[in-house]
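Student: My structure is below; once you've seen it, I'll send some questions.
The values are calculated or read from the model by the stated rules, or taken from the named source; none is laboratory data. This one's a predicted model, so the numbers in the text were calculated from it and none came from an experiment. All Cβ positions, glycine included, derive from the backbone under ideal geometry; neighbour counts span all protein chains shown.
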Amino acid sequence: MSDDAPPYSGLTPEHVLDALESVGVRGDGRLLTLNSYENRVYQVWRDEEPPVVAKFYRPARWSDTQIAEEHSFSAELVRREIPVVAPIELAGHTLNRFEGFRFAVFPRRGGRPPELEDPSVLEWIGRFLGRIHAVGASSPFQARPALDIAGFGEEPREYLLANGFIPADLREAWTSAIDMALGRVRTAFETARGVRRLRLHGDCHAGNILWTPEGPHFVDLDDSRTGPAVQDLWMLLAGERAVAEEQLGKLLAGYEMFREFDRLELLLIEPLRTLRLIHYSAWIARRWDDPAFPAAFPWFNTARYWQDRILELKEQCSLMDESPLRA
């Protein structure tokens, strides 16, 4: 694969099956592409064994050491009987290589999205998040990055400006809005500077929790990093303020059965949401050479898109000016 080729050039179905064959996983020829833009993920059927899920990592995104830390964290959670889907060790490794690609194989786990409107579901998820964070707080990551203002706010801002993504006629308005938003984010992080950081799931939204009659299990720790505990809670909240506060109360009722939650972290919910919104635009921009992205996000980088982002940032400023949610 040449340096200027699309990141998954050459990853054909045959290539996927050959890669799996190289570590002793023999598919029967049936593949189903699963929903993932960052990596390439496939469900693979086998003749006499249950299906597995194969994840081919985006080249150059994570180092081998960083991926190994993700896998190690997943395995540690499984050993503590926390329902996380961890990669399978094959030929002595969980991270495998084949002709320029790195990949991991996971057991297939079915399930449906959790019903977050159900208070008992939220409390159940909260209990497991408390247990995940109790493990996450026991030792630090050494190689995986932190969720911080520099990586999720300042650097994405500079990337979008330096690479000409902001239309000239909207550049001043967008720059003003993002600088105003980042100013409020910095103030909140400074106020909450004593909050403890720990190993997180990192991308704990409803799509990464699968529900079965036995309860939840957590998938896709690809964005696992160091950060405040509330990062794994706020994406499960939705609706008007009163609804979100009720949901938060149920999550924390379960969470605090296993780990104390520092209420100072509630100051960070809207700042973290703001950083995620900024990072999201730059994430799409960085992946624009991947043919999957223009096809999936045809509205990206239009004038309307950036007008909406300006309004969104101003709305976030207003939300950050309000008092934080209360459980």
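Student: I'd like to check something: does the stretch 224-234 contain any residue that is free of Cβ contacts under 8 Å to residues at least 40 places away in the same chain and crowded, with 20+ Cβ neighbours inside 10 Å?
Tutor: Checked against the condition, which is being free of Cβ contacts under 8 Å to residues at least 40 places away in the same chain and crowded, with 20+ Cβ neighbours inside 10 Å, the stretch 224-234 yields at least one hit.
Student: Would a scan of the stretch 271-286 turn up a residue that is more than 20 Å from the chain's Cα centre (by Cα) and either buried (at least 20 other Cβ atoms within 10 Å of the Cβ) or of a type outside the set (Lys, Arg) (or both)?
Tutor: Scanning the stretch 271-286 turns up no residue that is more than 20 Å from the chain's Cα centre (by Cα) and either buried (at least 20 other Cβ atoms within 10 Å of the Cβ) or of a type outside the set (Lys, Arg) (or both).
Results for (1) surrounded by 19 or more Cβ atoms within 10 Å (Cβ to Cβ); (2) without any contact (Cβ under 8 Å) to a residue 60 or more places away in the chain; (3) of a type in the set (S, T, N, Q), shown as yes or no for each residue.
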| residue | (1), (2), (3) |
| --- | --- |
| Ser72 | no, yes, yes |
| Arg80 | no, yes, no |
| Arg97 | no, yes, no |
| Arg108 | no, no, no |
| Ala146 | no, no, no |
| Gly153 | yes, no, no |
| Arg157 | yes, no, no |
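Student: Turning to a different aspect of this structure: Name the residue, out of Arg326, Arg276, Arg241, Arg263, that is touching a residue at least 40 places away in the same chain (Cβ under 8 Å) and under 21 Å from Phe218 (Cα atoms).
Tutor: Of the residues listed, the single one that is touching a residue at least 40 places away in the same chain (Cβ under 8 Å) and under 21 Å from Phe218 (Cα atoms) is Arg276.
Student: Kindly list the number of the only condition in (1) hydrophobic (A, V, I, L, M, F, W, C); (2) loosely packed, with under 15 Cβ neighbours inside 10 Å; (3) touching a strand residue (DSSP E or B) at 6+ places or on another chain (Cβ under 8 Å) that fails for Leu161.
Tutor: Among (1) hydrophobic (A, V, I, L, M, F, W, C); (2) loosely packed, with under 15 Cβ neighbours inside 10 Å; (3) touching a strand residue (DSSP E or B) at 6+ places or on another chain (Cβ under 8 Å), the lone unmet condition for Leu161 is (3).
Student: Name, by its number, the condition in (1) surrounded by fewer than 19 Cβ atoms within 10 Å (Cβ to Cβ); (2) under 22 Å from the mean Cα position of the chain (by Cα) that does not hold for Phe101.
Tutor: (1)
Student: Does Tyr305 satisfy being surrounded by 14 or more Cβ atoms within 10 Å (Cβ to Cβ), assigned by TED's automatic domain parsing to the domain that holds Lys250 and part of a helix (DSSP H, G or I)?
Tutor: The answer is yes for Tyr305.
Student: Still on this model: Let me spell it out: the conditions are (1) buried (at least 20 other Cβ atoms within 10 Å of the Cβ); (2) within 24 Å of the chain's Cα centre (by Cα); (3) farther than 24 Å from Trp234 by Cβ, and Leu122 meets all of them except one. Which number is the exception?
Tutor: That leaves (3) as the condition not met.
Student: Let me ask something additional. How do the strands (runs of 3 or more DSSP E) wholly within the stretch 168-260 filter down when requiring 1 or more residues that are among the polar types (S, T, N, Q): which remain?
Tutor: By residue number, 209-212, 226-228.
Student: Being surrounded by fewer than 12 Cβ atoms within 10 Å (Cβ to Cβ) and closer than 30 Å to Thr226 by Cβ, is that true of even one residue in the stretch 33-46?
Tutor: yes
Student: Okay, next question. Testing Gly215 on (1) surrounded by fewer than 21 Cβ atoms within 10 Å (Cβ to Cβ); (2) at negative phi, one condition comes back false. Which one is that?
Tutor: All conditions are met except number (2).
Student: Same structure, new question: Going residue by residue through the stretch 242-250, is there one that turns out to be crowded, with 16+ Cβ neighbours inside 10 Å and closer than 17 Å to Ala146 by Cβ?
Tutor: no
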